[in-house]
Amino acid sequence: MTISPTLGWRTCSLACVSLLVLTLAACGEDDLASDEIATNDRTRSVGAAQLRRGAQLFAANCAECHGKHGEGAPDWETPDVDGRYPAPPLNGEGHTWHHSKTGLALVIRKGTERIGGGMSGWENKFSERDIEDVLAYVQSLWPQDVYEAWVKIDQRARAKQ
């Protein structure tokens, strides 16, 4: 994950947050009360409250660089003038799902600057629960086949620990 040099990580997009709040309000409490949330035309067991928190955290902190729908920055596969790549998509179209949950949490916690990327770490802003919630939301954006492939990757990584 990298950041475009022209965008700041900590800047909240009021429009994205407003849209998210309006969208969640339009869903109604009954729609979000179940323990399963329908995402990308399939149902996965995700706590409604966790998904809601993750969506809010993503909109407020991640969407500016990774896109409102996790689509990534334009030309995310082309390095900028400093040789750093813009923020990749998190919606299953990039490489995010190739990493275990532990690895993804580490990237959020520590960032990618230490390995040549542009993303600052969030460990001083996000709690472990926040990280779990953001990851749950990001995974809700993945198509079912991507999610199923990721589950196998994550299981292999856990078996090695």
Condition broken by Glu123, with the remaining ones in (1) assigned to a loop (DSSP other than H, G, I, E, B); (2) of a type in the set (D, E, K, R); (3) more than 26 Å from Asp82 (Cα to Cα) satisfied: (3)
Region 53-91, residues that are among the hydrophobic types (A, V, I, L, M, F, W, C) and out of contact with any Pro (no Cβ under 6 Å at 6 or more places or on another chain): Ala55, Leu57, Phe58, Ala59, Ala60, Cys62, Ala63, Cys65, Val81, Ala87, Leu90
Total residues in region 80-125, condition of a type outside the set (Ser, Thr, Tyr), under 18 Å from Gly67 (Cβ atoms) and out of contact with any Lys or Arg (no Cβ under 7 Å at 6 or more places or on another chain): 17
Positions within region 93-119 being crowded, with 21+ Cβ neighbours inside 10 Å, touching a residue at least 40 places away in the same chain (Cβ under 8 Å) and within 21 Å of Pro143 (Cβ to Cβ), in sequence order: Thr96, Trp97
Filter result for Leu135 (under 24 Å from Lys152 (Cα atoms), buried (at least 16 other Cβ atoms within 10 Å of the Cβ) and touching a His at 6+ places or on another chain (Cβ under 8 Å)): no
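Residue check: is Leu135 free of Cβ contacts under 8 Å to residues at least 24 places away in the same chain, assigned to a helix (DSSP H, G or I) and within 16 Å of the chain's Cα centre (by Cα)? Please lay out each step first, then the result.
Values: free of Cβ contacts under 8 Å to residues at least 24 places away in the same chain: no; assigned to a helix (DSSP H, G or I): yes; within 16 Å of the chain's Cα centre (by Cα): yes.
Judged against the criteria, Leu135 is not a match.
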Any hit, region 99-113, residues being at pLDDT below 95, of a type in the set (Gly, Ala, Ser), touching a helix residue (DSSP H, G or I) at 6+ places or on another chain (Cβ under 8 Å) and outside any helix (DSSP H, G or I): no
When residues of region 54-65 are limited to those that are touching a Phe, Trp or Tyr at 6+ places or on another chain (Cβ under 8 Å) and in contact (Cβ under 8 Å) with a residue 60 or more places away in the chain, the one farthest from Gly111 (Cα to Cα): Ala55
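The values are calculated or read from the model by the stated rules, or taken from the named source; none is laboratory data. Remember, predicted model here, so these are calculated numbers, not experimental data. Glycine gets a Cβ as well: all are built from the backbone with ideal geometry, and neighbour counts include every protein chain shown.
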